[in-house]
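No value in this document is a laboratory result; all are computed from the given coordinates. Only a predicted model underlies this, so the values are computations on that prediction, with no experimental measurement involved. Here the Cβ positions follow ideal geometry from the backbone for every residue, glycine too, while neighbour counts run over all protein chains shown.
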Ligand code: ACM
């Protein structure tokens with residue numbers, strides 16, 4: 001299975017420009033199976049107000065998601081992308097999984113970071129896991145990374161790979177995500193963004209991590225980067241860390 005990320009700097013408030021940029025990058029990704037874009041890839045991140053975010057939001061059948069569906073239909077891959085989702089009067093910091101046949105599933109960021117709490121509702125869809133072919137996909141968005149419970153919950157639901165659209169400003173997640181993949185024996189694609197918006201500088205360094213905690217690909221901190229690597233998704237089915245230890249079966253569920 002060929003998986004990857006498209007690290008770039010979305011143009012704030014210009015959905016059309018972001019669609020054009022993503023479309024151009026995807027033209028170099030033929031043959032990929034599953035690709036991840038950053039958090040809020042449609043609009044950028046640093047809204048001045050909830051009203052501004054509302055004016056830039058779209059429903060999950062809006063122009064941005066329709067664009068992703070068309071790209072998947074044309075190229076034959078699956079995409080995961082963060083977007084500013086409007087549902088009635090509510091806003092969610094969402095991630096959508098799309099394939100050649102349309103939208104497969106959606107996740108809404110559970111753990112809001114800093115001023116996001118003034119703009120978005122906390123996610124209300126739980127931690128769903130979706131099947132695409134032989135692979136089970138879960139999603140997290142950026143600051144969700146800090147909660148090991150979220151990773152473990154999806155691993156227990158059978159997730160083989162966690163797609164992690166991000167707009168990271170702290171320097172920790174790129175170190176922590178390979179540990180989450182190691183202790184759950186799964187894969188992760190952390191797609192961060194680059195660039196600066198107002199007072200925030202984003203840290204790039206998107207990674208793909210395997211069930212041994214190895215980093216298969218790491219992007220630079222400040223450059224646009226596309227990476228596609230071959231992974232053996234079957235490795236995520238094996239939860240043994242030694243011949244006599246299984247990280248799922250050995251849990252002391254009588255204690256915790
Ligand atoms: C973040 O959750 N976007 C830092």
Hey, what's the Kirkwood Rh for segment 160-210 if you take every pair of different alpha carbons, in angstrom? 11.2 Å
The ratio Rg/Rh over the Cα atoms of the chain, Rh being the Kirkwood inverse mean 1/r radius, stands at 0.95
Residues 217, 94, 23 in order from fewest to most other beta-carbon atoms within 10 Å are 23, 217, 94
For segment 117-235, the spread of Cα positions along each principal axis, largest first, Å: 41, 33, 24
Summarise the long-distance tail of P(r) for segment 43-164 by giving the % of C-alpha pairs beyond 25 Å. 23 percent
Fewest to most neighbouring Cβ within 10 Å: what's the order for 15, 132? 132, 15
65, 146 arranged by Cβ crowding within 10 Å, fewest neighbours leading: 146, 65
On Cα atoms only, tilt of 15-26 relative to the major axis of the chain in degrees: 40 degrees
By how many degrees, 0 to 90 and rounded to 10, does the Cα axis of helix 63-75 deviate from the longest principal axis of the chain? 60 degrees
